[in-house]
Amino acid sequence: MPDFLLEIGCEEIPARMIDPAALELRERLQKMLERERLPAAGITQFDSPRRLAVLATGIPATQPDVTEQVTGPSAAIAFKDGQPTPAAHAFAKKAGIDVSQLERITTAKGEYLSAKVTRKGRSASELLAELLPKEINSIYWPKNMYWRKPGEVFVRPVRWLVALLDREVIPLEFDGIRAGSQSRGHRVLSPNAIQIPSAGPSYIDTLRGAKVLGRIEREQQIRKALDAATRTIPGARWREDKSLLDTVVNLTEWPSAILGGFDREFLELPEEVLVTVMRDHQKYFAVEDGAGKLLPHFLAVLNTDGDPQGIIRHGHERVLRARFNDARFFWQSDQKHSLRERVQWLKHVTFQKDLGSYYDKTLRVQRLCSWLCEIIRQSGMTIRPGVVHKAAYLAKTDLTTELVKEFTELQGIVGGLYARVQELDSEIPDATRQLIAQAIYDQYKPESMEDSTPQTPGGAVLSIADKADTIAGMFALGLQPTGSKDPFALRRQANGIVKTIAEHKLPLNLSGLFRDARETYRGSEAEPKFSKEIDYTSAIHEFFRERLEFYLRDALGFKYDVVKAVLASGSDDVVDVLARAESVKGVLHMPEFQAIAAACKRMRNILKQAEEKGLGIPAEFDYSIEDAEEAKMLDAKARQMADRVEKDRAEGNYLNALIMLSTLRDDVDRFFDKVMVMVDDERVRANRLALLQTLLREFTTIADFSEIVTDGKT
């Protein structure tokens, strides 16, 4: 079976867009081949800044023939007086057979004509030429360009196409470029066109000879080059940065690395500022000593085979020196005005056009922090409300600084750094000032599920209040996320709230948090603009239930049925949800709980039938009604342990409570084996339904076990 190669050559693709686009192209080709009955033995992808390529090995040269039974017009219409009508002739012609070969079949609608039709398989070459342009055009890009045909778009101008089925060129065309067998190597080191002899492993070898490496090879070469350059400084190491490494891998085709330096005097600036300039603005790796302290050196990754004369290194050092000088100037200039002075300046910085200024937000967050601190204090946890209040007051002031205007990635961090070196209040001890500074520094944490949460409880409260204020305001305006659209990053902020509450084990329930957050807008100029159509409470509840499900499944790795079971029994208290999930996970391996999960499904189904029939269900089991011994024993056993189970639940000892509930397994099995619930006697039936309702309520206070998968069934 032949191999197929597709390479799309273009101008340099933005680094952040390469990985998702390469994966999508691979998936699109795989689905297309499967859909067209041309399954590949394997599909691999190859990408670099100037190309996206996929290689499908072992695809059929042609589609297999397909024979299918086609139904035509009814026999009554197809024949009249025993002779075929035009309808019969038209059907036979469409099927490609003679009228005499038509068959009659009997269906639920009557007798119809039928024909066996064999469709000849088309060649892979023909199908690929016809279908691939549409697949290429459908790749998602955050930003598209078009330059020839308005209907055909790509992220950058396409310069060449390679499409080979073994050695055969597939005659496809995209945006005016016809496919051939010629590719391009490295733009500088191998600028001439190169001939691809055939689809298959030779493609990779040919590109390697033209100074273009695959992604894995580029990363390995970069790591080796960084190690080699760093070894020239005794005791030094380059600072690992996965995000930056991914970026430079997608910026190069034949990478190398150089070591540069800068003046030691710049080390007087905070490390966060220096690293941000190097990493985010220049794509340089920082160099540190064995203790993790920054050294006056940097590593730059080049898209060439080296810099023997040091010309490139001198250019990088000159640019970095200018950037550091700018940062130092902004740092020194900003110290002329304290953070306290800058609070009033926030009145002229818009938070959101309908929600007012950052000064308005500061006052709202302060109020919310005060309420949250009181809740936490009453629970017995240690919190310093004064620290949180002061941090909330100063948190957004760095938005007025020149350093943040130049390096927006440092917002929050700059505020924390300035709070460490400025006198916030003559009466505030240094230790307290450092706590305030740390809370300001951490206010935007966590920025992702991989990021850490704020270091201190005060920082956690400020982070939660800030995010809750934003979410509450946006939801009240009716600007909640929809589908894939989330322009205000509300999902990310909600994830941050969930993670922070969970990791700091804060006694905050989500409904109360967002009721209070909404309350801070009362009487403001923003409130009249709030949407009257949205049910704020329900929307927030559903939104955070989804975020909790995401956190439990994707961040913590709980199975989907455990997550559904736990959330079905309440999703308001994040810490409690986490504790219940851990407990359920701990008992799932027990046969008793597999049986109880199956019994819960049965109970729920029976109660659902009763509800659909409009049957009344008493509040509890009545012993005065003559009933089966198994029903009475089950109710007695459940009552006997109810108080102990409730005590464990109230104390958060969910594992003990679940293990105790598991002892009902034999009684539940005996009840269902011996007792019919939906009997004709109304009083007995209602009594048994009351028993099931009570049992289900007991079981589902921790988790709804009817959601648990048992024996492969939900």
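Laid out as a table, the results:
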quantity	calculated
Mean projected area (nm²) of the alpha-carbon convex hull when the range 138-296 is viewed from all directions	12.4 nm²
For the range 538-648, the fraction of alpha-carbon pairs in successive 10 Å shells from zero, as %	11, 30, 34, 20, 5, 0
Where chymotrypsin sites (Phe, Trp or Tyr not before Pro) fall in DSSP loop in the range 125-212, at most 15 other Cβ within 10 Å	TYR140, TYR146, TRP147
Proximal lysines to LYS674, defined as alpha-carbon separation beneath 27 angstrom and excluding residues fewer than eight positions away on the same chain	LYS601, LYS608, LYS613, LYS632, LYS637, LYS713
Solvent-accessible area, 1.4 Å probe, carbon plus sulfur percent, for the range 96-171	48 percent
Local net charge near MET449, Cβ-Cβ under 10 Å (Lys/Arg +1, Asp/Glu -1)	-2
Those lysines that a straight Cα-Cα span of less than 17 Å connects to LYS390, excepting residues fewer than 8 apart in one chain	LYS361
Å² per residue, accessible surface of the chain at 1.4 Å	48 Å²
Karplus-derived HN-Hα couplings along the range 281-298 (A = 6.51, B = -1.76, C = 1.60, θ = phi - 60°), whole Hz, x at Gly and Pro	9, 10, 6, 9, 8, 7, 10, 9, 8, x, 8, x, 7, 5, 9, x, 9, 8
Total formal charge among the other residues, if their Cβ is under 14 angstrom from that of PRO385, Lys/Arg +1 and Asp/Glu -1	+3
Inter-part distance where the range 418-435 and the range 605-658 are each reduced to a Cα centre, Å	59 Å
Estimated vicinal HN-Hα couplings, Hz - the range 377-394 in sequence order (Karplus 6.51, -1.76, 1.60; Gly, Pro = x)	5, 5, 7, x, 7, 7, 8, 10, x, x, 5, 5, 4, 5, 5, 5, 5, 9
Pairwise centroid distance, computed over Cα atoms, of the range 241-273 with the range 34-72, Å	42 Å
Note, ³J(HN,Hα) from phi for the range 444-451, Karplus 6.51, -1.76, 1.60, rounded to Hz, x at Gly and Pro	8, 6, x, 8, 7, 5, 8, 6
Unit Cα scatterers, Debye sum, the range 642-714: log10 I(q)/I(0) for q = 0.20 Å⁻¹	-0.99
Sequence-distant lysines (8 or more away, or on other chains) whose Cα lies within less than 29 Å of LYS80	LYS93, LYS94, LYS109, LYS116
For peptides 416-427, 243-254, sequence by mean Cβ density within 10 Å, most packed first	243-254, 416-427
Rounded, prolate or oblate (a/c below 1.5 giving rounded, otherwise prolate when a/b exceeds b/c) for the chain by Cα gyration tensor	oblate
Rounded to the nearest 20 debye, dipole of the chain from Cβ charges on Lys, Arg, Asp, Glu	1680 debye
Loop trypsin sites (Lys or Arg not before Pro), the range 510-555 (other Cβ atoms within 10 Å of the site Cβ: 15 or fewer; DSSP)	ARG522, LYS532
The range 195-301, accessible surface, carbon-and-sulfur percent (1.4 angstrom probe)	52 percent
Cα shape, the range 73-153, gyration tensor, a/c 1.5 rule	prolate
Helix-only [θ]222 nm of the chain, DSSP H runs n ≥ 4, -39500 (n - 2.57) each, per residue, nearest 500	-15000 deg cm²/dmol
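The values are calculated or read from the model by the stated rules, or taken from the named source; none is laboratory data. On a predicted model such as this, the values are computed, not experimentally measured, just so you know. A quick note on method: Cβ atoms are made from the backbone with ideal geometry, for glycine too, and the neighbour counts reach across all protein chains shown. SASA here: full protein model, heavy atoms, side chains in, ligands and nucleic acids out. Shrake-Rupley method; radii C 1.70, N 1.55, O 1.52, S 1.80 Å.
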